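Okay, so here's the structure we're looking at.
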Amino acid sequence: MSLVNLHQVHKYYGDNHVLKGIDLDIKAGEVVSIIGKSGSGKSTLLRCINGLEQYQEGGITVDGKEVTTEDIQVRRLALSVGMIFQNFNLFPHMTVGENVMLAPTIVLKKSKAEAETTARAMLEKVGLADKFDSFPEKLSGGQQQRVAIARALAMSPKVLLCDEITSALDPELVGEVLKVLEQLAKEGITLVLVTHEMNFARDVGSRVVFMHQGKVWEQGDSKTLLSNPQTDELKQFIGAVL
Amino acid sequence: MIEFSNYDILRNLMFATQWTILLSLAAFIGGTTVALTLTAMRLTRNPAMQRIVRVYVELFQGTPLLMQMFLCFFGLSMLGYEISAWGAAILSLTLFTSAFLVEIWRGCIDTLPKGQWEASRCLGLSFLQTLRHIILPQAIRVATAPTVGFSVQVIKGTALASVIGFVELTKVGTMLNNATFEPFKIFTLVALIYFMLCYPLSLYSKHLEKKFNVSR
Ligand SMILES: Nc1ncnc2c1ncn2[C@@H]1O[C@H](COP(=O)(O)OP(=O)(O)O)[C@@H](O)[C@H]1O
Ligand SMILES: [Mg+2]
């Protein structure tokens, strides 16, 4: 059964037709890389899936439930969809531990002790067990992004959406974040990531979706698609990034 | 005519200063309370609420405080609501203070990245939870310095209450001047007292600003 399903989704910003009939079906355990030129609608697509943006036509379901931007719906959705942003969006006035514990305590109503156990386990998973009491500003970009991943994982999401989460990092810090993602993929978490890391998409991803001008232009098994693109647009795109 | 010694003058001014401080405090507390409510209204995504706040701010920022005081005092009595000079002064200063604080705080909240709201939403926090746990703690840090800075305007604004007959520092200064005909001495003293009230607040505001900038 599909975990995330988009059916003929259209999205407009005013007159700007940004998503032009997206059909996409993602099953549990898949690692889907979304690639494409800047402005092709990749971020908008992710933001529609988690209810941050409204879409005008079509339908999106996550785990069988319809996605809308109604507050109450988004909050229910947040229980199954985690999101990691390009610029981390950690809460700067809280320690790393508090960042990870916040939503489990006030949204899932877990006890402090229980939330702390989860938080420590998640930070351990991303290799930052010793940073529990640090403030985000004391961490490197790569570490901050790993905290953001731990924060999302603490809500035990069914699917994790990642929007260019290594793009704001210095090159030497990209690897540590990708390694965490690879680990998550191995554990069977469903990942949907917008990325420019072609090697990662090919080696770790199970599927690649190429977006062009607001459409899913071409998609398929990651190794096959990247080594043997069918459309001229994808050939050009691969040529440009490699 | 009664003779006023320097001691008498100073004693009277000091006594009046208490009323200036009290009126400032009342206006500041009232203004803060109203401004908090208005800020919450502005942050809801309800267009009607936001329009109310916008009109309120335009109205009370766009007219002289003195006119607001006149309207509160004379206007309300003409409409049949008896209001004391004290009540009218507090009411108009509260309106004035809140209109400015809402705008100051709006600026502070808007400097927080949109990503803070989005991350909270993606973690399942409600609007009020986001406000309480994420937005306010950060906004308060940014807002303290300009808010303390604005309190100086409130203190100076209380001087206008003398015009509707509220007996505070400026009013007593005027009365003493009428009795002694020593305007230079009297008003220098009055100005000095205002300065001693305001200057520490300005200094404190600057200190807070610096502290905040360093901690960023
Ligand atoms: N908040 C917004 N308001 C208006 N237009 C937007 C907004 N966000 C994105 N767009 C427009 O939508 C299109 C797709 O943007 P985006 O989804 O960010 O592309 P990508 O992530 O692939 O670079 C672009 O034309 C962009 O200008
Ligand atoms: Mg983007």
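Each reported figure results from applying straightforward, stated rules to the coordinates on display, with no laboratory input. Keep in mind that what you see is a predicted model, and the values were worked out from it rather than measured. Reconstructed Cβ throughout: ideal geometry from the backbone, glycine too, with neighbour counts over all protein chains shown.
A dipole drawn for segment A:1-140 from +1 and -1 charges on Cβ atoms has a positive end, and of A:62, A:118, A:13 the residue lying farthest that way is A:118. Take the alpha carbon atoms of segment A:1-57, find their center, do the same for segment B:146-165, and report the distance between the two centers in whole angstrom. One Cα centre to the other: 54 Å.
Take the cross-link list A:42/A:158; A:27/B:114; A:11/A:65; A:42/A:235; A:42/A:109; A:138/B:210 and give me the ones stretching past 29 Å between alpha-carbons.
From the list (A:42/A:158; A:27/B:114; A:11/A:65; A:42/A:235; A:42/A:109; A:138/B:210), the Cα-Cα distance tops 29 Å for A:27/B:114; A:42/A:109.
For chain B, the longest principal axis of the Cα atoms and the long axis of helix B:47-61 meet at an angle of about 20 degrees. For residue A:82, the amide hydrogen comes within under 5 Å of the amide hydrogens of A:158, A:159, A:160, A:161, counting only partners 5 or more places away or on other chains and with H modelled in the peptide plane. With the highest mean first, a sort of the peptides B:90-99, B:149-158 on other beta-carbon atoms found within 10 angstrom per residue produces B:90-99, B:149-158. In this structure, residue A:112 and residue B:195 have a Cβ-Cβ separation that, at R0 = 45 Å, corresponds to a calculated FRET efficiency of about 0.35. Ranking B:66, B:126, B:23 by how far each Cα lies toward the positive end of the dipole of chain B (charges on Cβ) leaves B:126 at the top.
Ordering A:10, B:207 from the fewest to the most neighbouring beta carbons within 10 Å gives B:207, A:10. In summary, the aspartates and glutamates within cross-link reach of residue B:171, defined as a Cα separation below 20 angstrom excluding same-chain residues under 8 places away, comprise B:3, B:8, B:182. Of all DSSP-defined beta bridges confined to the protein assembly as shown, some 55% are antiparallel rather than parallel. Rounded to whole numbers, the Karplus 3J(HN,Hα) couplings from phi for segment A:122-130 are 5, 5, 4, 4, 8, x, 10, 4, 7 Hz, using 6.51 cos²θ - 1.76 cosθ + 1.60 with θ = phi - 60°, and x at Gly and Pro. Here the protein assembly as shown is treated with +1 on each Lys and Arg Cβ and -1 on each Asp and Glu Cβ, and its dipole about the Cα centre works out to around 380 debye. The modelled label-to-label distance for the pair residue A:170/residue B:4, using points 7 Å beyond Cα in the direction of Cβ, is 6.8 nm.
Computed 3J(HN,Hα) for segment A:106-111, one whole-Hz value per residue from the Karplus formula 6.51 cos²θ - 1.76 cosθ + 1.60 where θ = phi - 60°, is 8, 9, 8, 6, 6, 5, glycine and proline marked x. Applying 1/(1 + (r/R0)^6) with R0 = 41 Å to the Cβ-Cβ distance of residue A:56 and residue B:156 gives a FRET efficiency near 0.20. Taking the charge dipole of segment B:1-155 about its Cα centre, with +1 at Lys and Arg Cβ atoms and -1 at Asp and Glu Cβ atoms, the residue from B:109, B:57, B:151 reaching farthest to the positive side is B:109.
Cα centroid separation, segment A:101-131 to segment B:86-123: 33 Å.
The HN-Hα couplings worked out from phi for segment B:32-44 by the Karplus form 6.51 cos²θ - 1.76 cosθ + 1.60 (θ = phi - 60°) are 5, 4, 5, 5, 4, 4, 5, 5, 4, 5, 5, 7, 5 Hz, whole numbers, x standing for Gly and Pro. Highest mean first, the peptides B:131-140, A:158-167 sorted by other C-beta atoms within 10 Å per residue fall in the order A:158-167, B:131-140. Between residue A:66 and residue B:79, the modelled label-to-label distance comes to 4.8 nm, taking each label 7 Å out from Cα in the direction of the beta carbon.
What percent does the relative contact order of segment B:6-215 come to when contacts are Cα pairs within less than 8 Å and at least six residues apart? Display every interim value, and only then the final one.
On the way: 198 pairs, mean separation 60.1, N = 210.
So the answer I get is 29 percent.
Give the peptides A:95-105, A:201-211 in descending order of average Cβ contacts within 10 Å, highest first. Provide the component values of the computation, followed by the final result.
On the way: A:95-105: 23.3, A:201-211: 21.7.
Order by mean packing, descending: A:95-105, A:201-211.
Residue by residue along B:109-122, Cβ atoms of other protein chains within 10 Å of the local Cβ number 5 on average. The angle between the Cα long axis of helix A:232-241 and the longest principal axis of the Cα atoms of chain A comes to about 40 degrees, rounded to the nearest 10.
Taking the longest Cα principal axis of chain B as reference, the axis of helix B:169-180 is set at about 10 degrees. Peptide A:87-96 has a mean of 5 when you count, residue by residue, the C-beta atoms of other protein chains within 10 Å of its C-beta. Close amide H partners of residue A:216, meaning residues 5 or more places away or on another chain with modelled amide H under 5 Å apart, are A:23.
Using +1 on the beta carbon of Lys and Arg, -1 on that of Asp and Glu, and nothing else charged, what's the dipole of segment A:90-156 about the Cα centre, debye to 20? For segment A:90-156, the charge dipole is close to 160 debye. Amide hydrogen proximity for residue A:57: with H placed 1.01 Å from N in the peptide plane, the residues at 5 or more positions away or on another chain lying under 5 Å are A:10.
What is the mean number of Cβ atoms from other protein chains located within 10 Å of the Cβ atom of each residue in peptide A:100-112, rounded to a whole number? Don't jump to the answer; show the numbers that get you there.
Numbers: counts 0, 0, 6, 8, 2, 1, 7, 6, 1, 0, 0, 0, 0.
What the average comes to for A:100-112 is 2.
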